[in-house]
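Q: Below you'll find the structure I mean.
Every number in this text was worked out from the coordinates using simple rules, so none of it is lab data. Model, not experiment: these values are computed from the prediction. Because the Cβ atoms are built from the backbone with ideal geometry, glycine has one as well, and the counts that use them run over all protein chains shown.
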């Protein structure tokens with residue numbers, strides 16, 4: 001029986017990263033399924049008030065039933081900004097409520113970044129965000145609450161996920177390079193609206209260090225929750241053999 005991780009994904013932008021991730025993982029020999037259900041985002045805006053509403057318990061719970069029907073063994077809120085804006089404690093409560101609604105282990109992309117960095121032994125990071133600067137700073141504060149040092153945080157001022165979803169490889173590589181810092185052990189790209197699954201090896205070759213992207217770490221976190229690690233170098237250092 002396939003190992004199944006279900007994802008609640010806000011709106012429509014880079015959701016096609018998930019079937020791509022599934023194909024890459026299955027190509028590496030993993031018997032996994034990554035079904036995805038879209039949630040109602042309300043207003044598409046990287047703005048704190050809109051993000052708090054986007055990540056509300058009611059909006060997330062609405063998609064849980066479909067993921068259960070599709071055999072999910074764990075549920076992930078595949079969104080970074082509409083989890084870290086709640087703060088460390090608030091994001092934990094969000095995940096607890098999601099887990100209770102599903103009756104399954106649950107997590108979010110924000111916590112996925114924390115767990116992924118710690119799995120790699122990374123203590124100092126740089127943030128290369130698509131978001132406006134103030135939203136990027138909320139992510140930096142979240143990481144600091146987890147004991148991770150943020151040596152640089154760069155925002156790009158993009159308001160909508162729809163715009164981020166149009167970015168291709170060159171824009172992603174430029175974003176990562178601009179956000180890198182010589183003291184950072186890894187660079188974090190925290191937007192699940194950003195296509196990244198096809199670019200992970202190129203990103204790490206360009207920067208010479210691990211690069212953690214939102215959809216990548218979310219998939220990894222789901223596999224961690226169901227205790228099904230997968231070695232898949234095509235998905236970067238995070239999916240290495242240790």
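Q: Just for the Cα atoms in segment 8-139, what are the lengths along the principal axes, largest first, rounded to whole Å?
A: 40, 35, 26
Q: Counting only C-alpha contacts under 8 Å and six or more residues apart, can you give the relative contact order of segment 3-239 as a whole percent? Walk me through the numbers on the way to the answer.
A: On the way: 512 pairs, mean separation 55.9, N = 237.
Relative contact order comes out at 24 percent.
Q: Another question about this same structure. Using helices alone, I'd like the mean residue ellipticity at 222 nm for the chain: each DSSP H run of four-plus residues gives -39500 (n - 2.57), total over residue count, nearest 500.
A: On the way: 12 runs with 108 residues, N = 242.
Helix-only estimate at 222 nm: -12500 deg cm²/dmol.
Q: Bins of 5 Å, beginning at zero and ending with the bin holding the largest distance: percent of Cα pairs per bin for segment 1-78, please.
A: All Cα pairs, binned at 5 Å, distribute as 3, 16, 24, 22, 17, 10, 6, 3, 0 percent.
Q: How would you order 104-112, 54-62, 129-137, 218-226 from highest to lowest mean count of nearby Cβ atoms within 10 Å? Kindly include the intermediate steps, with their values, before the conclusion.
A: On the way: 104-112: 25.6, 54-62: 18.8, 129-137: 21.1, 218-226: 23.4.
So the order, starting with the most tightly packed, is 104-112, 218-226, 129-137, 54-62.
Q: For residue 115, put the label point 7 Å out on the Cα→Cβ axis and report which residues of segment 59-78 keep their amide N under 11 Å from it.
A: Output list for this probe position: 74-77.
Q: Using a 10 Å cut-off on Cβ atoms, rank the peptides 70-81, 89-100 from the highest mean neighbour count down.
A: Working: 70-81: 25.2, 89-100: 16.9.
Going by the mean number of other Cβ atoms within 10 Å, highest first, we get 70-81, 89-100.
Q: Oh, and also: List residues of segment 12-35, by number, whose backbone nitrogen lies under 17 Å from a label position 7 Å along Cα→C-beta of residue 234.
A: Under cut-off, by backbone N: 16-34.
Q: Looking at segment 1-120, what % of its DSSP beta bridges pair antiparallel, to the nearest 5?
A: Numbers: 0 of 13 bridges.
In segment 1-120, DSSP labels about 0 percent of beta bridges as antiparallel.
Q: Rounded to the nearest angstrom and ordered from largest down, what semi-axes does the equivalent ellipsoid of the chain get from its C-alpha gyration tensor (root of 5λ)? Don't skip to the end; give the middle numbers.
A: Details: eigenvalues 113, 90, 54 Å².
Ellipsoid semi-axes (Å, largest first): 24, 21, 16.
Q: Suppose a student asked you for the relative contact order of segment 10-70, using Cα pairs under 8 Å spaced at least 6 residues apart; what percent would you report?
A: On the way: 45 pairs, mean separation 19.8, N = 61.
Here the relative contact order equals 32 percent.
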